[in-house]
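Where a number appears in this text, it was derived from the coordinates with a stated rule and is not lab data. Since the model is a prediction, treat every value here as computed from it, not as a measurement. Here the Cβ positions follow ideal geometry from the backbone for every residue, glycine too, while neighbour counts run over all protein chains shown.
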Amino acid sequence: MTVTALLGEIADVGRDGRRGGYSRHGFAPVEGELRTWFVEQAQRRGLDVRTDRNGNLWAWWGTPGPNAVITGSHLDSVPGGGAFDGPLGVAASLSAVDLLRSGGFQPGRPLAIGVFSEEEGGRFGVPCLGSRLMTGSLDPDAARRLTDSDGITLAEAASSAGVDPARFGRDDEALADIGCFVELHVEQGRAMDLLDDRPSVAVASSILAHGRWRFTVTGVGNHAGTTEVPDRRDPMLPAAAAVLAARRALGGRAGARATVGRLTPTPGGTNVIASSVDFWLDARAPEEAPVREVVEEITAAARAAAAEEGCELSVRQESFGDTVLFDPALRDRLAAELGGVPVLPTGAGHDAGILASRVPTAMLFVRNPTGISHAPAEHAEPADCEAGAAALARTLESLCRDEP
Ligand SMILES: [Zn+2]
C-alpha cells in the first residue's frame, strides 16, 4: 500500500473540532484506535505484533531476536497537531515492508516496526515517554505519578489502555534486540525546501538539546473591577514578564529557541484576577549550556516581576535531553546509499534521539514545503511521502544485508 492510502485510512481518527488538526494523546481511546489500526495492518502483512512492558508496539518480520533492524515512529500528536508528525513514519514503515515484499526480499536479520507510546508528551508533559522508560532515562515511579490536565495519572491511563504500569521500566531485553534504529519523520522546518533541488528525502545529523520547565506563579485571586492597583497581586504579570524575557533571551544566541506555548490561569475568568498561573517553557539550543542560560535568564525576569507584584514563583524541570549526535557511520552510509541526499540538523525531539544513547540510530526526513509542524497546516506532498517510503525500504534492505 502507498503511504497516502495508509494515512487516508486514519484521516478521520482523532480530529479536533475545536483546535483543528488532530488531538491523539498517549494512552487515550483515540490513540488506542490508531494502535488497533496499526496492529491490523501489521497482521495483514504477517507481522507478529507484541507490546513491550512500556506500552510500545513491535511488529516483527521474522523471529524476534538480537541485532534486529528496527524502524517506526509514533501515532500520538500534540493538541491540534498535523497528520504527518508520527503517523508518516509508521505508514512509511508499513509501505516499505510492502515494497520489500513485492521485490521478493527476505530479511537476513530480524526486522521490526516499533510504535512508541506518548512521544509528544501532549498529555503527561514528558516527551518520548515510551522510549525514555525503555532506555531507563525516566524513573518509572515518577512516570506513574505524572498527571494529565484532568488529574488522571499515567498509571491510571495506562491501566485503562490495557498496559500494566507496574511493569514500566528499563527494558534491557528489548534494547538488546535492537541492532540499529532508523526513524522516518516529516521535516519540521523549511531547511529542505530552501535547498535548490528541494529534495524529497534527507538524513538527520543531530537534535538540539531540549528541556521543558513548569512555572507556577501564585498571587491573590480578586475582583477585576473593584481591586485597586496597590491591592493587586496578579500572577499574570510575572507570567507576561517571562514570555517577553523568553524572546529577549534568544538575542545573540545562535540556534537557541524559547517558547511559552501553554499558559493556564486559575480560576480563568474574564472578570477575575487569577489566583495563580501555570505556564510551561520549552527551551532548546545546540548545546546544554545555552539552554540553561536561557532558562536562568527567563526565571530571573519572572522572579523579579513576581517580587514586584507580591507573588510567589516556583520552577520545576519536567524533562531535559542533551544534544543528540546521530551515529556518524550510519548517517554517512545512509546519505551515500540514498544518492548523496543532504544531511541536516533538527530542532525537534524524537524517540530516535532517546534511543541514540543506547543503539546506533539514524533518521530520514521527508520534505515539508511550508515547514509548519505541530499545527493543522503541517503537510508533505504525496510524491515526497512515497519517495520517503522507497528510501526507507532501500535503507532497510541494505541494513538487513549486514553481517551480525
Ligand atoms: Zn514526531
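General observations
- FRET efficiency estimate (nearest 0.05) - Cβ-Cβ, Thr226 to Ala166, R0 41 angstrom: 0.20
- Full-stretch length increase - Arg50, Phe320 - with 0.36 nm per residue and alpha-carbon distance subtracted: 94.3 nm
- A simple charge model with +1 on the Cβ of Lys and Arg, -1 on the Cβ of Asp and Glu and nothing else charged puts the dipole of the chain at about 140 debye relative to its Cα centre.
- Between the listed residues Leu250, Pro127, Gly86, the Cα displaced farthest toward the positive end of the dipole of the chain, a dipole computed from Cβ unit charges relative to the Cα centre, is found at Leu250.
- For the peptides 118-125, 105-112, residues were scored by their other Cβ atoms within 10 Å and the scores averaged per peptide; the highest-first order is 118-125, 105-112.
- Two-decimal ratio, the chain, of alpha-carbon radius of gyration to 2.2 N^0.38 Å: 1.03
- Residue-by-residue Karplus 3J(HN,Hα) for region 219-233, coefficients 6.51, -1.76, 1.60, Hz, glycine and proline x: x, 10, x, 7, 7, 5, x, 10, 8, 6, 3, x, 9, 7, 10
- Charge-dipole axis of the chain as Lys and Arg at +1 and Asp and Glu at -1 on Cβ define it, positive-most pick from Gln41, Ser77, Leu364: Ser77
- Solvent-free Debye scattering, log10 I(q)/I(0), computed from the Cα coordinates of region 1-107 at q = 0.10, 0.15, 0.24 Å⁻¹: -0.29, -0.64, -1.42
- Fully extending the segment from Glu9 to Ala307, taken as 0.36 nm per residue of separation minus the present Cα-Cα distance, adds 101.9 nm.
- Counting only alpha carbon atoms, the long axis of helix 87-102 and the longest principal axis of the chain meet at about 0°.
- Angle in degrees between helix 288-309 and the longest Cα principal axis of the chain, rounded to the nearest 10: 20 degrees
- Per residue, the average separation of C-alpha pairs within less than 8 Å and at least 6 apart gives the chain a relative contact order of 23 percent.
- DSSP beta bridge pairing in the chain, given as percent antiparallel to the nearest 5: 70 percent
- Difference of contour (0.36 nm per residue) and Cα-Cα distance, Asp402 to Arg190: 72.9 nm
- Put a plus charge on the Cβ of each Lys and Arg, a minus charge on the Cβ of each Asp and Glu, and nothing anywhere else: the dipole of region 44-174 about its Cα centre is then about 460 debye.
- Extending 7 Å from the Cα toward the beta-carbon at both Leu263 and Ala383 defines two label points whose distance is 4.3 nm.
- The charge dipole of region 210-321, taken about its Cα centre with unit charges on the Cβ of Lys, Arg, Asp and Glu (plus for the first two, minus for the last two), comes to roughly 340 debye.
- Inter-centroid distance (Cα atoms) of region 304-367 relative to region 200-217, Å: 5 Å
- Burial ranking of peptide ranges 316-329, 51-64 (average Cβ count within 10 Å, highest at the top): 51-64, 316-329
- This ranking places Leu281, Leu94 by how few other beta-carbon atoms lie within 10 Å of each, fewest first, which gives Leu94, Leu281.
- Of Ala289, Ile178, Ala204, farthest towards positive along the dipole that unit charges on Lys, Arg, Asp, Glu beta carbons give region 136-292: Ala289
- Relative contact order (percent, whole number), region 210-321, Cα cutoff 8 Å, 6+ residue spacing: 45 percent
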